[in-house]
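To start, the structure under review is shown below, and the notes come after it.
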Amino acid sequence: MYEVEIKVPADLDAVRDRLREAGAERVDARRQRDVYYDAPHRDFAATDEALRVRRETSLAAEGDEKRQGNRETDREPAETDAETAKITYKGPLLDDDSKTRAEHETAVDDGEAIAEIVAGLGFEPAATVEKRREFWSYDGFTVTLDAVTDVGEFVEIERAVGDAAAIETVRDEALDALDRLGLDGDDQVRTSYLELLLTEE
């Protein structure tokens with residue numbers, strides 16, 4: 001499976017308004033805490049790979065004034081569901097014009113247990129990225145509005161494809177969709193949130 005993804009910095013309030021005007025559907029909102037690991041057998045920074053354990057909670061739909069467009073308050077929505085966890089491997093970038101890479105991810109029952117398993121195998125935590133994400137469905141893509149702690153605000157547009165031959169076509173469609181939302185693909189950031197966070201430190 002390949003994840004065709006383009007990420008650009010953006011004003012999330014403005015993009016949210018454009019998504020509503022375009023008839024996009026807001027699907028979900030989540031708070032995520034991603035722990036990235038260094039491997040004992042090779043340098044992930046050099047190989048452009050990543051191993052991540054993500055723990056997340058869903059954010060309540062009601063009372064989220066910021067998401068509903070009421071900018072008179074910045075009150076955060078309540079967390080609702082029990083925490084869920086996933087482990088993800090990301091391969092090196094495959095495309096010079098997007099953030100496309102092979103990705104393998106699966107849910108796990110216990111975030112603490114998978115962290116202990118990974119540590120027991122010699123992987124050490126490198127950094128933690130925390131963010132609030134909104135997921136929208138737009139024109140066959142998932143558009144994600146990310147507010148990343150100590151990094152900034154970004155929009156990601158992505159679609160998973162099973163065939164490498166489809167990457168270029170889907171990438172071009174993603175750029176067109178960004179343009180319709182008033183965003184410029186030339187502003188693309190191919191650096192991961194992890195790398196951006198480490199640069200800020």
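The values are calculated or read from the model by the stated rules, or taken from the named source; none is laboratory data. Keep in mind that this is a model prediction, so the values were computed, not measured. We place every Cβ from the backbone using ideal geometry, glycine too, and count neighbours over all the protein chains shown.
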Looking only at the stretch 84-103, count how many residues are touching a residue at least 12 places away in the same chain (Cβ under 8 Å) and either over 14 Å from E49 (Cβ atoms) or hydrophobic (A, V, I, L, M, F, W, C) (or both).
11
Pairs, please: C-beta under 9 Å, at least 6 apart or cross-chain, first residue within 15 Å of L93 (Cβ to Cβ) and in the stretch 184-197, second in a helix (DSSP H, G or I) and at pLDDT 95 or above?
Q188/L175; Q188/L178
Selected residue (criterion: nearest to the chain's Cα centre (by Cα)) from residues of the stretch 151-168 that are surrounded by fewer than 16 Cβ atoms within 10 Å (Cβ to Cβ) and modelled with pLDDT under 95
A160
Got at least one residue in the stretch 112-133 being basic (K, R) and either touching a Pro at 6+ places or on another chain (Cβ under 8 Å) or modelled with pLDDT under 95 (or both)?
no
Tally time: how many residues in the stretch 32-54 are crowded, with 16+ Cβ neighbours inside 10 Å, outside any strand (DSSP E or B) and among the aliphatic types (A, V, I, L, M)?
1
Would you be able to say whether some residue in the stretch 115-128 is surrounded by 12 or more Cβ atoms within 10 Å (Cβ to Cβ), β-branched (V, I, T) and in a strand (DSSP E or B)?
yes
With modelled with pLDDT under 85 and more than 18 Å from E103 (Cα to Cα) as the only criterion, which of T57, T84, T73 stands out?
T73
Say whether the condition of being in a helix (DSSP H, G or I) and of a type outside the set (A, V, I, L, M, F, W, C) is met by at least one residue in the stretch 145-159.
no
Looking at (1) farther than 30 Å from L175 by Cβ; (2) at pLDDT below 95; (3) surrounded by 14 or more Cβ atoms within 10 Å (Cβ to Cβ), which one does D95 not meet, given that it meets all the others?
(1)
Conditions (1) part of a helix (DSSP H, G or I); (2) touching a helix residue (DSSP H, G or I) at 6+ places or on another chain (Cβ under 8 Å); (3) farther than 26 Å from L59 by Cβ -> L178 fails only (3)
